[in-house]
1. Mind listing the long-range amide H neighbours of Leu81? Cut-off is under 5 Å, sequence gap 5 or more, other chains count too, H placed in the peptide plane at 1.01 Å from N.
2. Counting only the heavy atoms of the protein chains, how much of Leu44 is accessible to a 1.4 Å probe, in Å² to the nearest 10?
3. Past the 31 Å Cα-Cα mark, which pairs from Lys34/Lys85; Lys31/Lys57; Lys18/Lys77; Lys34/Lys57?
4. Starting from 0.36 nm per residue, how many nanometres of slack lie between Lys24 and Glu66 once their C-alpha separation is accounted for?
5. Between Lys34 and Phe10, what is the FRET efficiency for a Förster distance of 25 Å, r being their Cβ-Cβ separation, to the nearest 0.05?
Amino acid sequence: MGEDHRNDGFLDMGKADKSVWLMKCPVAVAKSWKNQAASSSDSLPVAKVVFSLDPLKPDEPQFTMEMVGSETERIPKSYTLNMFKDF
């Protein structure tokens with residue numbers, strides 16, 4: 001945790017052509033993930049994103065996030081994700 005993440009002004013553009021997903025999540029989910037990361041040295045999955053496509057509405061894919069692990073007992077286990085391509 002005490003690592004220095006400075007890059008001395010260098011911006012690595014080696015993977016600039018790759019897409020990324022940014023996600024804003026509820027505070028309870030963020031705290032759960034932080035607690036899991038602090039309590040485990042293994043990099044175990046904390047959630048999975050499920051992609052669903054209705055054949056009758058192919059232009060409207062649905063994304064949900066499902067929490068995994070035992071740390072999620074007090075918070076909902078499934079969340080609907082809204083996808084935005086313009087920001």
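The values are calculated or read from the model by the stated rules, or taken from the named source; none is laboratory data. Quick caveat, the model's predicted, so the values are computed rather than measured. Here the Cβ positions follow ideal geometry from the backbone for every residue, glycine too, while neighbour counts run over all protein chains shown. For accessibility, only protein heavy atoms count, side chains too; no ligands or nucleic acids. Shrake-Rupley method; radii C 1.70, N 1.55, O 1.52, S 1.80 Å.
1. Those qualifying (amide H under 5 Å, at least 5 residues apart or on another chain) are Phe63, Thr64, Met65.
2. Ignoring ligands and nucleic acids, Leu44 comes out at about 120 Å².
3. Over 31 Å apart, Cα to Cα: Lys31/Lys57; Lys34/Lys57.
4. 13.7 nm
5. Efficiency for this residue pair is about 0.30.
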